[in-house]
Each structure stands twice: as structure tokens, then as C-alpha cells.
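Let me begin by presenting the structure, written as C-alpha cells, before commenting on it.
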Amino acid sequence: MTFTSLDAPVTSVPQERSIVTAVPGPKSRELHERRLAVVSSGVSSTLPVYIEKANGAILVDVDGNRFIDFGAGIGVTTVGHTEASVVAAAAGQLQDVIHTLFTITPYEQYVRVAELLAEHTPGDWAKKSVLVNSGAEAVENGVKIARKYTGRRAVAVLDHAYHGRTNLTMAMNYKAMPYATGFGPLAGDVYHAPSSYPYHDGLNGAEAAARTTTWLEKVVGASDLACLVVEPIQGEGGFMVPADGYLPALQEWCTANGVVLIADEIQSGMARTGRYYASEHFGLEPDLVLTAKGIAGGLPLAAVTGRAEIMDAAQPGGLGGTFGGNPVACAAAVAVFEAIEDNGLLAEGERIEKTLTAGLEKLAATYDIIGEIRGRGAMIAIELVQPGTGSTTKEPNAAAVTEITTWAAQQGVLFLSAGTYGNVLRFLPSLAVTDELIADGLSVLDAALARLS
Ligand SMILES: *Cc1c(COP(=O)(O)O)cnc(C)c1O
């Protein structure tokens with residue numbers, strides 16, 4: 001590689017929060033005014049502080065405020081913001097070749113990413129990939145490939161799912177608002193089956209799976225079903241961890257009925273949960289796996305990876321796109337896979353789960369609005385309920401989530417909400433987040449909960 005000015009290491013940012021202005025500060029407010037004039041209001045922002053710099057687990061805004069980032073761009077900067085090896089790989093690639101279009105004249109980096117995906121996705125069989133630009137595009141392609149392979153039309157998803165904002169994927173989401181309302185007509189032949197949500201349904205894995213597959217057989221008919229798309233741990237829906245045995249039972253049913261099982265690991269994959277893929281926690285070996293968010297350290301890249309015979313069902317020229325598998329994004333992705341190995345990031349995910357859940361359990365002993373703590377690795381959430389309903393009706397408490405996230409931001413901690421009812425607070429920090437930063441974030445959460453009670 002031929003570095004010039006890019007040889008300099010990434011400037012590091014102190015890994016601690018520091019608030020020096022009101023939040024948002026004056027410069028952010030000014031930028032926000034400019035934005036409101038020219039950016040569609042269909043694009044919203046959780047916290048309108050404008051970010052100038054990011055490193056590790058810290059965001060620095062234009063007013064000099066430093067935030068602990070418990071969102072990582074929704075689980076994208078899993079290896080850490082501006083991770084030095086990823087920056088170097090991308091910068092080096094920028095100087096060598098930025099774009100040729102793989103479908104015109106290919107390059108090694110795309111092939112290398114496909115090799116790494118074949119190696120690290122679950123299942124011990126021959127696998128192939130297609131690389132695209134976004135998670136939603138990966139979902140679209142997974143569905144296309146499954147339809148071509150099976151010669152069937154119908155697509156099944158689970159309740160509380162989130163799969164994207166393109167035309168097909170908005171029909172696959174659970175929530176109409178804000179993702180689909182007014183944007184129709186929606187794509188047809190998409191069916192929403194009951195899922196496993198142990199905190200609310202109380203079903204074990206076998207019972208929940210029987211409910212799902214019975215529903216599919218009655219409402220869709222297995223012989224018309226091309227694929228069942230599942231998030232092994234649901235993301236936007238609220239980090240629901242399915243009951244033991246649920247996912248393998250779905251796979252078994254899919255295999256018996258010639259249905260392609262697609263795991264949407266866009267949020268849960270790439271070392272997010274202490275494994276390369278969350279499927280591994282459940283003994284699930286999906287036919288196709290979708291990867292996006294964390295794969296390239298923040299650069300746009302996504303993939304469909306799966307059984308070679310399914311992936312090869314698509315006719316030559318049927319898959320791809322101008323920017324899909326861009327060399328710079330691919331070089332960054334190769335560096336991400338290397339960082340996972342070299343920096344022991346699977347173990348970091350386990351460390352974060354331990355620290356975070358221990359801290360949250362302490363809070364749950366004090367604050368009864370914490371109904372459940374769930375998740376794996378650096379993908380942990382708490383579901384907030386109305387006071388006194390935790391062991392009975394488990395009434396959603398979205399107002400508490402809004403108050404906590406708003407107040408915590410003023411203190412320099414960025415928490416994200418989630419959940420079909422908006423009552424889930426999710427933690428998906430970068431794996432670079434230290435135990436000290438987690439403790440500091442939890443102290444702010446403690447204070448926020450105390451304010452509520
Ligand atoms: C974010 C997400 C998507 C959509 O990915 P985009 O890159 O935003 O299109 C799909 N599925 C899951 C589970 C996600 O978390």
C-alpha cells in the first residue's frame with residue numbers, strides 16, 4: 001500500500017464524556033436551522049447534535065461536547081469509531097482503486113469478503129455471496145434468490161420484525177408507522193406470522209414454533225412459501241431473544257417443506273453478540289444469512305451469503321448493482337474481520353454483556369419499571385413497564401424511555417430506544433466501549449430512573 005499524508009494515525013479522542021454547552025449547543029442549533037431548510041423532514045434525527053469527530057466509543061459534536069455512544073450508529077461501528085486498522089485499509093484502497101464495478105471488471109477485495117463470509121457464517125457447507133449497499137437491499141436480494149430457487153411466490157416474516165425502508169421491505173416490517181403509512185401500495189404476498197416473545201407470550205420454544213408454523217400452513221400454505229425471514233434476535237422490535245429451540249424448530253419445518261430460511265443478521269451479526277452471528281447462540285444454521293450494519297466499520301456494504309446451490313439459482317446478471325461491493329468498503333470489511341480476530345472482539349462482546357447485565361440487574365432491583373433485561377453480547381435491552389405491572393400486565397412505558405433518553409443526552413450519554421411500543425431502551429455500543437464507560441453510562445441511567453420515581 002502507498003500511504004502519503006494518510007500515514008498519520010487517527011487522532012484519538014479522550015474516552016470520557018464531557019458536556020460544555022447546552023445540548024444541542026449553539027453550533028449544532030445553527031446547523032439544524034440550515035438542515036431544516038434543505039433536508040426532507042421525512043429524515044429524522046434522534047439527537048440533533050452535529051458530529052465532527054468520533055473515535056472508539058465517543059462522539060464529539062461541533063460544540064466540543066463528548067458523548068458516550070451506546071448506539072454505534074445502530075450497531076454499525078462495532079469495531080469502534082474510526083478504528084485505526086479500518087481507516088488505514090480504506091485509505092490505502094482509496095489510493096489504489098475506488099471503483100470499477102465488479103460486474104464490469106472485478107477485483108480481489110470483493111472475492112476476499114465473500115471468502116470471509118463463507119468462513120464465518122453458520123453452516124458447514126459450500127457457500128456463496130452477493131455484495132450490495134444496504135441492509136434493505138440485502139433483504140430484497142435474499143427474497144429474490146429464494147423465489148428463483150424455489151419457484152414460489154410467498155414471503156413470510158415474523159411479528160415485531162424490521163427489515164428496511166425500500167418498497168419490498170416496508171411491507172415486511174411489523175410497524176406501519178412510520179415505515180409504511182401513506183407509502184403504499186405495498187408489495188403483495190408478504191405474510192406476518194406470530195413470533196416468539198417469551199416475556200409476553202410465556203410460550204416455550206416448541207410451543208411458539210408450533211404456533212408460527214401452524215399459522216404459516218393455514219394462512220399461506222407451505223407449498224407456496226418461498227422463504228421465511230427471521231431476525232435471530234429482533235432489532236428494532238426490541239431485542240427479543242426467542243425461547244430455546246424456537247429457531248431450530250423453524251429451520252426444521254422450513255427444510256421439511258422446501259422453504260428457504262433466511263436469517264436477517266443485519267443488526268445481530270458481525271461479532272455484535274459475542275459470536276460472529278447470533279444464530280450460533282441458538283444452534284441455528286440458516287440457508288441464507290444477511291449481513292450489513294457492522295460489516296465494514298461504518299462504510300456502506302451488505303451481503304447475502306448462503307448455500308451455494310441456492311445462491312446460484314439466480315441467472316447471470318440478475319444480481320448486483322453499480323456500487324455493490326465497492327472496493328473501499330470491501331477493504332474496510334476485510335480489516336473488520338481481521339480486527340475481530342486480532343483484537344479478540346468476540347470476547348469483548350461477552351465482557352460487555354457481563355458488565356452491562358450485572359449493572360442493569362442492580363438497577364432492576366431498585367426500579368420496578370425495568371420489566372426485563374435481555375439480549376446477548378453488546379446487544380442488550382431493557383423493557384420498561386408501568387410501575388407495579390412487571391409481574392402482571394406488563395403495560396408498556398414508552399414515556400419513561402423518552403424521558404430517560406432525552407435527559408441522558410443532556411448528561412452526555414446517547415441511548416437509543418426500540419420496541420414495537422417504544423418502551424425498550426437498547427444498548428448496542430461499539431466493542432471498544434470500556435467497563436469504565438459502561439459504569440459511567442449506567443450511573444446516568446440510574447440518575448434518570450431516580451428522577452422518574
Ligand atoms: C437496519 C436493519 C435493516 C435495514 O438495513 P439498512 O441498511 O438500513 O437498509 C434490515 N434488517 C435489520 C434487522 C436491521 O437492523
- Item | segment 118-135, subset buried (at least 22 other Cβ atoms within 10 Å of the Cβ) and within 11 Å of the ligand (Cβ to nearest atom), residue farthest from ALA263 (Cα to Cα) | VAL132
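Yes/no per residue for (1) part of a loop (DSSP other than H, G, I, E, B); (2) within 16 Å of the ligand (Cβ to nearest atom):
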| residue | (1), (2) |
| --- | --- |
| VAL304 | no, yes |
| ILE310 | no, no |
| ALA313 | yes, no |
| GLY317 | yes, no |
| GLY320 | yes, no |
| GLY325 | yes, yes |
| ALA331 | no, no |
| ALA339 | no, no |
- Item | Residue identified as touching a residue at least 40 places away in the same chain (Cβ under 8 Å), among the hydrophobic types (A, V, I, L, M, F, W, C) and touching a strand residue (DSSP E or B) at 6+ places or on another chain (Cβ under 8 Å) among ALA88, ALA84, ALA118 | ALA118
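Would you kindly identify the strands (runs of 3 or more DSSP E) lying entirely within segment 354-447 that contain at least 1 residues that are of a type in the set (Asp, Glu) and surrounded by 18 or more Cβ atoms within 10 Å (Cβ to Cβ)?
Passing ranges, in order: 370-376, 379-384.
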- Query: Which ranges mark the strands (runs of 3 or more DSSP E) fully within segment 177-291 that have 1 or more residues being without any contact (Cβ under 8 Å) to a residue 40 or more places away in the chain?
  - Reply: 190-193, 260-264
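For segment 216-231, how many residues are over 13 Å from ASP287 (Cα atoms) and either surrounded by 16 or more Cβ atoms within 10 Å (Cβ to Cβ) or β-branched (Val, Ile, Thr) (or both)? I'd like the intermediate steps shown before the answer.
Going residue by residue through segment 216-231, those that are over 13 Å from ASP287 (Cα atoms) are 216-225, 231.
Those still in the list that are either surrounded by 16 or more Cβ atoms within 10 Å (Cβ to Cβ) or β-branched (Val, Ile, Thr) (or both) too: 216, 219-220, 222, 225, 231.
Residues flagged as over 13 Å from ASP287 (Cα atoms) and either surrounded by 16 or more Cβ atoms within 10 Å (Cβ to Cβ) or β-branched (Val, Ile, Thr) (or both) within segment 216-231 amount to 6.
Okay, residues lined up against (1) among the aliphatic types (A, V, I, L, M); (2) under 28 Å from TYR276 (Cα atoms); (3) within 16 Å of the ligand (Cβ to nearest atom):
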site: ILE104; (1), (2), (3): yes, no, no
site: LEU116; (1), (2), (3): yes, yes, no
site: ASN141; (1), (2), (3): no, yes, yes
site: TYR149; (1), (2), (3): no, yes, no
site: ALA154; (1), (2), (3): yes, no, no
site: HIS163; (1), (2), (3): no, yes, yes
site: TYR191; (1), (2), (3): no, no, no
site: SER195; (1), (2), (3): no, yes, yes
site: GLY202; (1), (2), (3): no, no, no
- Item | Tally of residues being touching a strand residue (DSSP E or B) at 6+ places or on another chain (Cβ under 8 Å) and assigned to a helix (DSSP H, G or I) across segment 165-176 | 3
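Just so you know, all these numbers are worked out from the coordinates, no wet-lab data involved. Since the model is a prediction, treat every value here as computed from it, not as a measurement. Counting neighbours? That spans all protein chains shown, and the Cβs are built from the backbone with ideal geometry, glycine included.
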